[in-house]
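K.L.:
One structure, as structure tokens, below. Some questions next.
The values are calculated or read from the model by the stated rules, or taken from the named source; none is laboratory data. This one's a predicted model, so the numbers in the text were calculated from it and none came from an experiment. Cβ sites come from the backbone with ideal geometry, for glycine too, and all protein chains shown count toward neighbours. The area values use the complete protein model at the heavy-atom level, side chains included, leaving out ligands, DNA and RNA. Shrake-Rupley method; radii C 1.70, N 1.55, O 1.52, S 1.80 Å.
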Amino acid sequence: MNSLSPRPGMAQPEPVTPSARGLHVITWGCQMNVYDSERMSDVLRPLGYRAVGTPDAADMIILNTCHIRDRAAEKVFSELGRLRLVKEERATRGMNTVLAVAGCVAQAEGREILARAPYVDIVLGPQTYHRLPEMVARAARAAGAVIETDFPVEQKFDFLPAERVAPAGGAAFLTIQEGCDKFCSFCVVPYTRGAESSRPAAAVLAEARRLAAAGVREITLLGQNVNAYHGEGPDGGTWGLARLARVLADEVGIERIRYTTSHPRDMEDDLIAAHGDLPQLMPFLHLPVQSGSDRVLAAMNRGHTADEYRVLVDRLRSARPDLALSSDFIVGHPGETDADFADTMRLIRDIGFAQAYSFKYSSRPGTPAAGAGAQVPEDVKDARLQELQAILRVQQDTFNDATVGRVTPVLFTGRGRKPGQISGKSPWLQAVNVEGPDSLIGRVANVDIRHTYTNSLGGVLTEETDRA
Ligand code: 5AD
Ligand code: SF4
């Protein structure tokens, strides 16, 4: 699954009772946005809002946006143009539609949105979701458009309702950290999501306990810099991610724990050790490296060299030999030469990635790299991206092929595309489809992997199915 590709709206449409109001959330971007969309739905639930599958059935539409790369704003305006038609058509049927824009584009371009799309009722930044009910009320009073994009001092998490609708399918995201102080040359996140902050461990554990009680088996801990987590512990001390993962495994009883996105610089010794002795920590780690050239890594302000990354991966693999790695790459950062790119290719060959996302550098206004000299021409970026993606594709296929013939525990998260099929995730985050009963959804069962496809695996359930 591409962590940055557009996604369908809400998890599962729910039946709309006559008094209920329809809510349609369109989510773009990373898992943090998926999590935020779920929480916005939770906040609106007491007001009677229930998820509906299409915008034309919705009394409120939220477009949760992502700003990380190219043409984010244009994409938002074109989607808003489409939603405007929906809103107008509903108005001809006498129905009001509250249109909200959330997420990082809202944060960065809030005023521009209200100027260019005056039919938008609410613009809210990522730190203000807990204020949605109040904003909805203000918008409903037709007091003009409402904009909330400050970074408030209080933590939004303290104001979000404790109750979450547990996702069907046994897997949930849980945001533990937000924001970033690393200021990579190319990245807007420190400007849109603000300074790094960690939720107190007690709040995270309470949320995890509720999820576990509702049948959640796998939790993915989320944060822009998740392994920089340094939350206040119930004991008054500061807890790192390793400590949190241990308690989630040993005391809360979470069977599968993942975390994303991590930074190589924050891969502390205790976290590496946890990969070795916590079987609940899944053997798949997204550890973006961006480039394999020391010059480019320095220009990017990543704070480590290519060899330091190699050593880190060696240490992780010594701790957990079946650990598979995934990464992000940027080609064409300002100043990147052919020799720099060759270094990136060499790093990829040295490490061997199970999966990766790769992007052409796109200039983000206000970031240090945007003004930097020696922008790389588009055709050079294209050629490098193709070469890079070709090798990453081969590595991904090699990794997937190696799972054929193995029996692997799969957490089934929903129905498959074909009738009679159910779909789930291997420990290495591969999508796995099998013929099987719906009763296995939300549970872990062993699968004999038989086939690989472009982005998924196929197999059969083994005799001894559920481990639960
Ligand atoms: N251009 C290209 N890719 C970018 N990313 C972040 N900012 C940019 C940019 N300006 C990529 C990085 C990051 C991922 C989430 O998106 O690879 O890890
Ligand atoms: Fe952006 Fe770098 Fe922070 Fe990641 S670590 S969110 S790439 S500034």
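K.L.:
Exactly one condition in (1) outside any loop (DSSP other than H, G, I, E, B); (2) in contact with a helix residue (DSSP H, G or I) (Cβ under 9 Å, 6 or more places away or on another chain); (3) buried (at least 18 other Cβ atoms within 10 Å of the Cβ) is false for R258; which is it?
P.N.:
Evaluating R258 over (1) outside any loop (DSSP other than H, G, I, E, B); (2) in contact with a helix residue (DSSP H, G or I) (Cβ under 9 Å, 6 or more places away or on another chain); (3) buried (at least 18 other Cβ atoms within 10 Å of the Cβ) leaves (2) as the failure.
K.L.:
Any residue at all in the stretch 382-398 that's part of a loop (DSSP other than H, G, I, E, B), in the same structural domain as T261 (by the TED database), touching a helix residue (DSSP H, G or I) at 6+ places or on another chain (Cβ under 9 Å) and surrounded by 14 or more Cβ atoms within 10 Å (Cβ to Cβ)?
P.N.:
Within the stretch 382-398, not a single residue is part of a loop (DSSP other than H, G, I, E, B), in the same structural domain as T261 (by the TED database), touching a helix residue (DSSP H, G or I) at 6+ places or on another chain (Cβ under 9 Å) and surrounded by 14 or more Cβ atoms within 10 Å (Cβ to Cβ).
K.L.:
Find the residue count for the stretch 308-344, including only residues that are surrounded by fewer than 20 Cβ atoms within 10 Å (Cβ to Cβ), within 16 Å of ligand 1 (Cβ to nearest atom) and more than 21 Å from R393 (Cα to Cα).
P.N.:
So the answer is 1.
K.L.:
Let me ask you something else. Taking the stretch 269-293 as the search range and keeping residues that are part of a loop (DSSP other than H, G, I, E, B) and more than 14 Å from ligand 1 (Cβ to nearest atom), which one is most open to solvent (accessible area, probe 1.4 Å)?
P.N.:
Among residues in the stretch 269-293 that are part of a loop (DSSP other than H, G, I, E, B) and more than 14 Å from ligand 1 (Cβ to nearest atom), the one most open to solvent (accessible area, probe 1.4 Å) is P279.
K.L.:
Which one of these is within 12 Å of ligand 2 (Cβ to nearest atom) and in a helix (DSSP H, G or I): L297, L316?
P.N.:
Of the residues listed, the single one that is within 12 Å of ligand 2 (Cβ to nearest atom) and in a helix (DSSP H, G or I) is L297.
K.L.:
For the stretch 410-432: of the residues being within 27 Å of the chain's Cα centre (by Cα), open to solvent by 40 Å² or more (accessible area, probe 1.4 Å) and not aliphatic (A, V, I, L, M), which is nearest to Y357 (Cα to Cα)?
P.N.:
Out of the qualifying residues, it is K425.
K.L.:
In the stretch 276-290, what residues are touching a helix residue (DSSP H, G or I) at 6+ places or on another chain (Cβ under 9 Å) and closer than 18 Å to N225 by Cα?
P.N.:
L281, L285, L287, P288, V289, Q290 - these are the residues of the stretch 276-290 that are touching a helix residue (DSSP H, G or I) at 6+ places or on another chain (Cβ under 9 Å) and closer than 18 Å to N225 by Cα.
K.L.:
Please work out which residue is most open to solvent (accessible area, probe 1.4 Å), limiting yourself to the stretch 364-381 and to residues that are assigned to a loop (DSSP other than H, G, I, E, B) and in contact (Cβ under 8 Å) with a residue 60 or more places away in the chain.
P.N.:
Looking at residues that are assigned to a loop (DSSP other than H, G, I, E, B) and in contact (Cβ under 8 Å) with a residue 60 or more places away in the chain, I get G366.
K.L.:
Being of a type in the set (A, V, I, L, M, F, W, C) and under 18 Å from the mean Cα position of the chain (by Cα) narrows it down to one of L205, L241, L248, so name that one. If you could, list the steps in order and put the result at the bottom.
P.N.:
Numbers: L205 fails: under 18 Å from the mean Cα position of the chain (by Cα); L248 fails: under 18 Å from the mean Cα position of the chain (by Cα).
Exactly one residue qualifies, and that residue is L241.
K.L.:
Among the numbered criteria (1) within 15 Å of ligand 1 (Cβ to nearest atom); (2) hydroxyl-bearing (S, T, Y); (3) closer than 20 Å to D340 by Cβ, which single criterion is violated by T305?
P.N.:
(1)
K.L.:
Give the stretch 351-409 a look and list any residue that's within 13 Å of ligand 1 (Cβ to nearest atom), among the small types (G, A, S) and touching a Leu at 6+ places or on another chain (Cβ under 7 Å), or say none.
P.N.:
A356, S358
K.L.:
Looking for whichever is over 27 Å from R199 (Cβ atoms) and crowded, with 16+ Cβ neighbours inside 10 Å here; the options are E88, E79. Which one fits? Explain how you work it out, then say what you get.
P.N.:
Values: E88 fails: crowded, with 16+ Cβ neighbours inside 10 Å.
From the options E88, E79, the qualifying one is E79.
K.L.:
Same structure again: With respect to V460, is the statement that it is open to solvent by less than 40 Å² (accessible area, probe 1.4 Å) and farther than 18 Å from I219 by Cα true? Before you say what the answer is, go through the steps one by one.
P.N.:
Numbers: open to solvent by less than 40 Å² (accessible area, probe 1.4 Å): no; farther than 18 Å from I219 by Cα: yes.
Considered against the rule, which asks whether it is open to solvent by less than 40 Å² (accessible area, probe 1.4 Å) and farther than 18 Å from I219 by Cα, V460 comes out as no.
Let's see how each residue does on (1) within 25 Å of M60 (Cβ to Cβ); (2) surrounded by fewer than 15 Cβ atoms within 10 Å (Cβ to Cβ); (3) within 14 Å of ligand 2 (Cβ to nearest atom); (4) at pLDDT 80 or above:
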{"residue": "G125", "(1), (2), (3), (4)": "yes, no, no, yes"}
{"residue": "L160", "(1), (2), (3), (4)": "yes, no, no, no"}
{"residue": "E163", "(1), (2), (3), (4)": "yes, yes, no, no"}
{"residue": "D181", "(1), (2), (3), (4)": "no, yes, yes, yes"}
{"residue": "F186", "(1), (2), (3), (4)": "no, no, yes, yes"}
{"residue": "R209", "(1), (2), (3), (4)": "no, no, no, yes"}
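K.L.:
Residues being in a loop (DSSP other than H, G, I, E, B) and within 16 Å of ligand 1 (Cβ to nearest atom): count how many of those fall in the stretch 171-195. Outline the logic, then answer.
P.N.:
First pass over the stretch 171-195, keeping only residues in a loop (DSSP other than H, G, I, E, B): 176, 179-188, 193-195.
Filter once more, keeping what is within 16 Å of ligand 1 (Cβ to nearest atom): 179-188, 193.
Count: 11.
K.L.:
Kindly establish whether G458 is under 24 Å from the mean Cα position of the chain (by Cα) and either over 26 Å from L347 (Cα atoms) or of a type in the set (F, W, Y) (or both).
P.N.:
Judged against the criteria, G458 is not a match.
K.L.:
Looking at Y309, is it in contact (Cβ under 8 Å) with a residue 40 or more places away in the chain, closer than 15 Å to L323 by Cβ and of a type outside the set (D, E, K, R)?
P.N.:
Spelling it out, Y309 is indeed in contact (Cβ under 8 Å) with a residue 40 or more places away in the chain, closer than 15 Å to L323 by Cβ and of a type outside the set (D, E, K, R).
K.L.:
For V252, indicate whether it is at pLDDT 95 or above, part of a loop (DSSP other than H, G, I, E, B) and surrounded by fewer than 23 Cβ atoms within 10 Å (Cβ to Cβ).
P.N.:
In short, yes.
K.L.:
Among the residues of the stretch 349-358, is there at least one that is surrounded by 13 or more Cβ atoms within 10 Å (Cβ to Cβ) and among the basic types (K, R)?
P.N.:
No, that holds for no residue.
K.L.:
Now, a different point. With the condition kept exactly as written, say whether any residue in the stretch 12-29 is at positive phi, in contact with a Cys (Cβ under 6 Å, 6 or more places away or on another chain) and modelled with pLDDT under 90.
P.N.:
Taking the stretch 12-29 as the starting set, the residues that turn out to be at positive phi are 29.
Those still in the list that are in contact with a Cys (Cβ under 6 Å, 6 or more places away or on another chain) too: 29.
Filter once more, keeping what is modelled with pLDDT under 90: 29.
There is at least one residue in the stretch 12-29 that is at positive phi, in contact with a Cys (Cβ under 6 Å, 6 or more places away or on another chain) and modelled with pLDDT under 90.
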